[in-house]
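Please read the structure below before turning to the comments.
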Amino acid sequence: MNASRRKIAAVLFAVVASGGLVACVGAFDPSTDAGSPMAPRVRGLVDANRAYPVWAEFPRSTEPLPEPVSIMAQVNRLGGTGQALAGDVSRIDWQTTGDPAQFVAAVQARVDEVPVAPVTADTLAEIEDFVRRTRERGQAPPPVDRR
């Protein structure tokens, strides 16, 4: 065949999808059982709400629109705040310039200064026990002797 598998698959997908859409067309034209006691009420509600609202039916806003000068002042204020923030960010030392081991020790010392609640310590012990048991279960079995 001259057509690639992708082209054949694309055509088959298009045929199946269009068949599915054609099968769903009946769902968009529901009919009401005329013998139902609710039929007149349903038909009345449908007929009353058949038209979509038009823009003229929406209420007008009572708040006055802001003046262009005030909008421009707010935009300029935001621009100034953004520039100040960019200046603050540019002054941050994003790279550790010293010894990495010393940096880790300093961070660990800061973490160790914070007292740990007993409940947290119990939870940590449970987590470490779970990790140990999971690692033990995850070990590969010994190789099979094939002699």
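For the residues Gly44, Gly80, the requirement of being of a type outside the set (Ser, Thr, Tyr), at pLDDT 85 or above and within 34 Å of the chain's Cα centre (by Cα) singles out Gly80. I'd like to know if region 116-131 contains one or more residues that are among the hydroxyl-bearing types (Ser, Thr, Tyr) and at pLDDT below 90. Yes, region 116-131 contains a residue that is among the hydroxyl-bearing types (Ser, Thr, Tyr) and at pLDDT below 90. Take the conditions (1) modelled with pLDDT of 85 or more; (2) open to solvent by 100 Å² or more (accessible area, probe 1.4 Å); (3) of a type outside the set (Phe, Trp, Tyr); Glu57 misses just one of them, which is (1).
The values are calculated or read from the model by the stated rules, or taken from the named source; none is laboratory data. Since the model is a prediction, treat every value here as computed from it, not as a measurement. Side chains are part of the model used for accessible areas, which takes the heavy atoms of the whole protein and leaves out ligands, DNA and RNA. Shrake-Rupley method; radii C 1.70, N 1.55, O 1.52, S 1.80 Å.
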